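One structure is given here, and the rest of the page talks about it.
We did not get these values from a lab; they are worked out from the coordinates using the rules stated. Predicted, not measured: the structure shown is a model, and the values here were computed from it. Because the Cβ atoms are built from the backbone with ideal geometry, glycine has one as well, and the counts that use them run over all protein chains shown.
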Amino acid sequence: MTELKNLMISVSGVRGIVGDGLTPDVVLAFAQAYGSEVGPGRIVVGRDSRVTGEMVKNAVWAGLMSAGCDVLDVGICPTPTTELVTEHPDNIGGIIITASHNPREWNALKLLARNGLFLTAEAGEKIIKRVNESDFHFAHWDKIGKVYPYNTAIEEHIKKILALKVIDAEKIRNKKFKVVADCCNGAGGTILPQLFEALGCEVVFLNPEPNGLFPRSPEPIPENLGELCLAVKEHNADLGIAVDPDVDRLALVSDEGQPLGEEFTLACVTRFVLSKTPGDVVVNASTTRVIDDLAQTAGVKCHRTKVGEINVAVKALEINAVIAGEGNGGVMYPEIHVGRDAPVGIALVLQYLAESNLKISELARQFPQYSMIKDKITLPFDVDAKAVVEQLKDSHAADNLDLIDGVKVLYDNSWIHIRASNTEPIIRIIAEAPSREETAALVKKFKSEVMDLQ
Ligand code: MG
């Protein structure tokens with residue numbers, strides 16, 4: 001049996017450091033399990049730009065083909081692009097090879113259902129069971145799968161964005177926006193040049209080569225965007241944008257060179273979409289309360305779900321949300337699909353700027369202002385993060401709690417959310433309050449409580 005060690009296994013796939021946990025055996029086992037469960041049929045395989053992607057891809061292909069599945073190879077492209085191809089009725093599933101915002105030595109498989117969404121918990125459990133039991137289907141030699149290259153995925157993705165009813169490309173083009181875009185040498189470089197060209201923007205690119213050699217920590221959070229902020233000022237640009245390596249998260253930098261924080265991305269897009277097509281909104285438990293404020297102003301409901309893209313997506317479909325997503329820069333616009341999609345987010349932000357006739361810095365000042373801190377405590381692999389969170393639940397039983405995901409303690413004008421990560425051996429702590437000082441004090445108090453519980 002394949003050794004499963006130093007890995008983060010979840011219903012959405014498997015993640016680890018390549019060579020120290022994420023070995024070819026592990027990748028092969030998951031691809032065999034997936035192919036055995038959903039096959040035979042054609043499965044879309046895409047990847048981000050990681051140096052290890054080629055090796056992992058070959059193991060994925062072998063696993064799928066051995067189970068009698070064909071591979072539709074979309075190559076290096078954004079996660080949302082692979083999701084859109086997977087949705088096509090001729091395809092029965094998809095695997096994305098990306099460790100998203102994790103450092104460059106990591107890689108992972110994200111497993112998709114045939115509708116282009118991540119696997120549900122139930123479907124994911126079936127794959128894990130097959131891996132644990134080495135329960136694989138091996139196709140007869142003449143039924144082994146084949147690989148078909150597919151080169152138009154990016155083009156089709158851009159076409160779908162431009163065809164959105166709320167997007168008036170001509171109006172954006174007339175504004176001749178100047179944008180600085182930081183792709184962090186991820187897959188962003190495969191789509192953003194064409195997207196900005198279609199929208200008539202003048203672009204200065206930072207790190208556009210999709211070579212996986214991330215020059216900085218690839219998470220698009222303010223502390224990693226110093227080079228981008230400087231470049232926006234230097235080039236006198238209207239906007240700075242940063243995407244993570246698989247292009248499902250988007251962060252904005254203002255024309256004044258200030259990072260607007262990734263929570264602002266969804267808030268900005270939500271305000272725009274609600275102004276066009278009022279309707280309910282879905283976000284996860286950790287997302288800024290700005291979204292609740294915007295929903296309240298628009299007279300619609302803001303629904304909250306457990307953290308995890310699939311939870312937001314399922315709820316968004318269920319209640320027919322007009323906009324959904326995650327505060328980490330993950331914009332889901334159900335009009336095109338309920339997957340986090342940075343290129344869609346970029347088009348919506350540019351449309352909003354074009355229609356508002358405001359600079360992004362002016363627009364940002366119109367939003368409710370809160371201070372959010374995202375912190376974490378790293379645990380050894382053998383400590384049960386979920387058990388630690390459970391104990392916290394008991395010690396705060398007298399408070400106003402939201403238990404949809406871990407523990408969220410709600411105060412009059414602030415909140416703190418503590419949960420075990422689904423993808424890493426850490427406890428995430430997220431707090432939001434009207435001022436930086438109040439938020440920091442809240443985080444400090446709960447961090448020491450968590451440390452005492454371990
Ligand atoms: Mg990502």
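Per-structure values
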{"item": "Rounded to 5, percent antiparallel among DSSP beta bridges of segment 7-151", "result": "45 percent"}
{"item": "Subset of LYS301/LYS374; LYS175/LYS233; LYS276/LYS301; LYS160/LYS276; LYS233/LYS374 violating a 22 Å alpha-carbon distance limit", "result": "LYS301/LYS374; LYS233/LYS374"}
{"item": "Inverse mean reciprocal Cα-Cα distance (Kirkwood Rh) of the chain, Å", "result": "22.4 Å"}
{"item": "Those aspartates and glutamates that a straight Cα-Cα span of less than 13 Å connects to LYS445, excepting residues fewer than 8 apart in one chain", "result": "ASP375, GLU437"}
{"item": "Ordering of 193-199, 334-340 by packing [mean C-beta count within 10 Å, highest first]", "result": "334-340, 193-199"}
{"item": "Contour minus Cα-Cα distance for LEU410 and THR378 (0.36 nm per residue)", "result": "9.1 nm"}
{"item": "GluC sites (Glu not before Pro) within segment 24-119: DSSP coil, no more than 15 neighbouring Cβ in 10 Å", "result": "GLU105"}
{"item": "DSSP bridge pairs, the chain: antiparallel proportion in percent, nearest 5", "result": "55 percent"}
{"item": "Bridge type composition, segment 281-357 - antiparallel percent by DSSP, nearest 5", "result": "35 percent"}
{"item": "Restricting segment 98-183 to chymotrypsin sites (Phe, Trp or Tyr not before Pro) in coil, as DSSP defines it, with at most 16 other Cβ within 10 Å", "result": "PHE138"}
{"item": "Sparse-neighbour loop sites [chymotrypsin sites (Phe, Trp or Tyr not before Pro); segment 390-454; at most 14 other C-beta within 10 Å; DSSP]", "result": "TYR411"}
{"item": "Whether segment 86-127 is rounded, prolate or oblate, judged on the alpha carbon gyration tensor where a/c under 1.5 counts as rounded", "result": "oblate"}
